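**Q** First, the structure itself, so that you have it in front of you.
The values are calculated or read from the model by the stated rules, or taken from the named source; none is laboratory data. Owing to the predicted nature of the structure, the values given are computational and were not obtained by experimental measurement. Glycine also receives a Cβ, built like all others from the backbone with ideal geometry; neighbour counts cover every protein chain displayed. To get the accessible areas, we keep the full protein, side chains included, count just its heavy atoms, and leave off ligands, DNA and RNA. Shrake-Rupley method; radii C 1.70, N 1.55, O 1.52, S 1.80 Å.
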Amino acid sequence: MPKDSVSVSTSEPTATEKIPNGKQRGGRGRVRATPKGRQVDPKAREEVLALLGDAPRRRDLLIEHLHKIQDRYGCLAAPHLVALAAEMKMAMTEVYEVATFYHHFDVIKEGDTRPPAITVRVCDSIACELAGAHRLLEQLPARLGAGVRVLPAPCVGRCETAPVAVVGQNPIPHATVERIDEAVQKGQVTHPPAPSAVSPSPIDYAAYRVAGGYALAGACFAGQRKAADVIALLEESGLRGLGGAGFPAGRKWKIVAAEPSPRLLAINIDEGEPGTFKDRYYLERDPHRFLEGALIAAWAVAIEAIYIYLRDEYHGCRALLEREIAALQADPPYSIPPIHLRRGAGAYICGEESSMIESIEGKRGEPRLRPPYVAQVGLFGRPTLEHNMETLHWVREILEKGPGWFAGHGRNGRKGLRSFSVSGRVKKPGVHLAPAGITLRELIDEYCGGMLDGHELYGYLPGGASGGILPASMANIPLDFDTLNPYGCFIGSAAIVVFSNHDTAAAAARNLLRFFADESCGQCTPCRVGTVKALQLMEQRRWNAPLLQELSQAMTDSSICGLGQAAPNPFLTVLKYFPGEVE
């Protein structure tokens with residue numbers, strides 16, 4: 001062999017290179033008595049093993065296991081993370097990068113002070129800010145004392161009862177300093193097992209079956225219906241994805257069914273868009289209706305397994321779903337595919353379909369580059385049918401009553417029904433089921449009891465935080481998919497936040513941009529930097545309109561996902577429709 005082809009190493013031995021005395025050599029000749037890296041603390045290992053029990057140690061269950069530690073010890077201390085990494089045969093860096101990505105995990109480094117036993121989170125998103133959340137954040141620390149941690153929190157999905165605080169895992173609707181203090185003093189830190197006063201008793205499995213539930217899905221599984229016919233009925237009804245994107249449901253079923261098996265179904269109940277709470281509303285009342293819709297979808301598309309992703313703020317809903325899914329699985333009306341319930345950890349970005357899939361797989365919830373699309377390469381690399389919960393909620397009723405029933409509703413030339421999550425300055429906030437194409441003025445007058453006394457309509461969000469802001473003079477636009485696009489807005493998940501003459505659009509836009517800046521996953525520069533820079537510009541007395549417009553173009557063109565692409569909508573619509581506020 002030629003001399004110049006011989007590889008000669010002149011480097012020092014690696015940290016794990018064995019030497020004759022049986023020890024290991026570290027860098028620069030030092031002798032190491034133990035392997036390089038953090039060592040597992042025996043006590044921490046015992047504690048982690050006790051929490052995990054006989055649960056599988058698969059990577060996709062990492063977030064579930066982190067929740068077990070967080071729930072038990074109130075934080076994620078380094079010894080527990082090291083023990084968990086060793087038990088799951090993962091690198092410590094993999095566990096750490098996931099744990100630090102999600103808001104609800106308190107990662108404590110060595111030497112850091114552990115958080116207090118009780119944490120009070122006060123929602124400061126748009127509906128709660130309108131209702132006085134800032135006063136709660138100012139007054140609570142002095143009232144509760146140093147032994148209680150008070151934190152601002154993004155939307156917790158209870159906008160109709162604003163302002164809202166969460167004591168531990170217990171939501172406090174219409175929160176006051178006194179009500180929060182009472183909950184803390186009584187130790188009410190876990191969500192009550194029974195539905196709260198604002199929610200009715202849900203229809204349980206037995207009652208749902210007695211009322212004819214799962215009969216339609218049973219007919220499908222028994223071969224009494226054809227998948228192609230069911231899909232055709234959905235297409236005829238005009239049902240579109242109700243999570244915000246509005247993709248035709250029947251067409252999506254066709255696309256995924258054409259992909260090679262095995263296929264999976266992922267159901268999105270993350271619902272983190274400020275102003276949105278419709279999924280929780282339906283889930284608290286009739287959980288089996290969407291589960292039956294999911295089983296029909298699974299049959300029509302030949303799905304192997306169902307994964308449900310539920311936002312972590314919905315602790316009561318999680319207990320409800322765990323109970324009802326267990327009842328369904330214990331006494332199934334027919335052979336059903338496996339159903340897995342997965343818990344989010346506080347990340348708005350996981351409402352984006354590919355981010356949700358990453359999170360279900362036990363990873364950081366960062367959007368994927370596309371193509372390939374989720375329908376082709378989705379969860380665990382398999383073709384995946386992804387749906388918002390409410391979309392599946394309507395499947396049974398559409399198939400039982402016929403597509404004409406659903407399409408027969410509508411106003412101003414539109415078809416279908418919309419579940420509007422309405423909050424803000426109206427007398428009757430809440431989820432209002434109304435015809436697609438209804439205008440804001442009609443919605444307020446006919447469903448919301450009018451404006452609050454002493455308040456006049458000034459503006460509104462037609463589609464949640466990212467849907468833009470419109471003035472009162474444009475309250476006669478039909479609210480539906482596509483109708484708002486010419487005005488620089490969109491309906492999204494139909495979250496309507498109503499402003500009055502006591503508010504300003506500029507202040508609302510700043511609140512929304514703070515949310516986007518906090519919730520950006522940071523993966524792409526246009527969104528990570530753009531949201532922060534936009535907020536800085538918006539905090540000036542006069543907005544630099546040319547620079548904001550240039551920044552919005554870069555964000556819209558270059559961001560990986562819808563967060564960065566739609567984040568400019570609030571300030572762009574303020575510049576367009578409320579210029580007097582920022583000039």
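**Q** Only loop residues by DSSP count here, and only those with at most 15 other Cβ atoms within 10 Å; note down the chymotrypsin sites (Phe, Trp or Tyr not before Pro) in the stretch 248-339 that meet that.
**A** Tyr334
**Q** Using DSSP to define loop residues, name the trypsin sites (Lys or Arg not before Pro) in the stretch 100-140 whose beta-carbon has at most 11 other beta-carbon atoms within 10 Å.
**A** Details: sites: Lys109, Arg121, Arg135; in loops: Lys109.
Passing sites in the stretch 100-140 are Lys109.
**Q** Shifting gears a bit: Restricting things to alpha carbons, tell me how big the stretch 251-292 is in terms of Rg and Dmax, in Å.
**A** Just the Cα atoms of the stretch 251-292 yield Rg and Dmax of 14.0, 38 Å.
**Q** A follow-up question, please. In a solvent-free Debye calculation with one equal scatterer on each Cα, what is log10 I(q)/I(0) for the stretch 292-345 at q = 0.19, 0.28 Å⁻¹, listed in the order of the q values?
**A** -0.70, -1.17
**Q** Report the net charge of residues surrounding Ser237, where surrounding means a beta-carbon distance below 11 angstrom and charges are Lys +1, Arg +1, Asp -1, Glu -1.
**A** Taking every Cβ under 11 Å from that of Ser237, the sum is 0.
**Q** Calculate, in nm to one decimal, what Ser201 and Ala330 gain on full extension: separation in residues at 0.36 nm each, minus their alpha carbon distance.
**A** Details: separation 129, 0.36 × 129 = 46.44 nm, distance 2.17 nm.
Gain on extension, Ser201 to Ala330, equals 44.3 nm.
**Q** Now a separate question. Is there a pair in Lys186/Lys363; Lys401/Lys427; Lys252/Lys401; Lys109/Lys278; Lys254/Lys415 whose C-alpha atoms are over 27 Å apart, and which pairs would that be?
**A** Lys186/Lys363; Lys401/Lys427; Lys109/Lys278
**Q** Also, I was wondering about something else. Restricting attention to the stretch 49-116, which GluC sites (Glu not before Pro) occupy a DSSP loop and are surrounded by at most 15 other Cβ atoms within 10 Å?
**A** The qualifying sites are Glu110.
**Q** Name the long-range amide H neighbours of Leu76: under 5 Å, sequence gap of 5 or more, or other chain; modelled H, no Pro or chain starts.
**A** Sorted by chain and number, the residues that satisfy this are Asp106, Val107, Ile108.
**Q** Also, I was wondering about something else. Given the C-alpha atoms of the stretch 403-455, compute the convex hull and give its volume per residue in Å³.
**A** On the way: hull volume 3.2 nm³, N = 53.
Normalising the Cα hull of the stretch 403-455 by residue number yields 61 Å³.
**Q** Then there's this: Could you pull out every Cys in the chain that lacks a partner Cys with its beta carbon under 4.7 Å away?
**A** Cys75, Cys155, Cys159, Cys220, Cys317, Cys350, Cys448, Cys489, Cys521, Cys524, Cys527, Cys561 - these cysteines have no disulfide-compatible partner (Cβ-Cβ under 4.7 Å) in the chain.
**Q** To continue, here is another question. What is the pair-distance distribution P(r) of the stretch 481-583, computed from all Cα-Cα distances in 5 Å bins starting at 0, with each bin given as a whole percent?
**A** That works out to 2, 13, 23, 26, 20, 13, 3, 0, in percent per bin.
**Q** Among the aspartates and glutamates, which have Cα under 15 Å from the Cα of Lys576 when same-chain residues fewer than 8 positions away are ignored?
**A** Hits, sequence-local ones excluded: Glu550.
**Q** Further question on the same structure: I'd like the per residue volume of the convex hull spanned by the Cα atoms of the stretch 135-188, given in cubic angstrom. If you can, show how the numbers build up before the last one.
**A** On the way: hull volume 4.0 nm³, N = 54.
Cα-based convex hull of the stretch 135-188, divided per residue, equals 74 Å³.
**Q** Per 0.36 nm of contour for each residue apart, how much would the distance between Asn501 and Ala215 grow if the chain were fully extended, relative to their Cα-Cα spacing?
**A** Working it through step by step, the gained length comes to 97.9 nm.
**Q** Using θ = phi - 60° and the Karplus form 6.51 cos²θ - 1.76 cosθ + 1.60, what ³J(HN,Hα) does each residue of the stretch 379-394 get, whole Hz, x for Gly and Pro?
**A** The phi angles translate into 4, 6, x, 9, x, 10, 8, 10, 9, 6, 4, 5, 4, 6, 4, 8 Hz.
**Q** Principal axis lengths of the stretch 374-495 from Cα atoms, whole Å, largest first?
**A** The Cα atoms of the stretch 374-495 stretch 54, 32, 25 Å along their principal axes.
**Q** Considering only protein heavy atoms and a probe of 1.4 Å, how much of the accessible area of the chain is carbon and sulfur, as a whole percent?
**A** With neighbouring chains kept in place, the figure for the chain is 51 percent.
**Q** Further question: Hey, what's the per residue convex hull volume over the C-alpha atoms of the chain, in cubic angstrom?
**A** 212 Å³
**Q** May I ask you to give the average projected area over all directions of the convex hull of the Cα atoms of the stretch 230-355, in nm² rounded to one decimal?
**A** Here the figure is 8.0 nm², rounded to one decimal.
**Q** Taking the stretch 462-513 as the region of interest, what is the percent of Cα-Cα pairs per 5 angstrom bin, listed from the shortest bin to the one with the maximum distance?
**A** Final binned percentages: 4, 21, 32, 26, 14, 3, 0.
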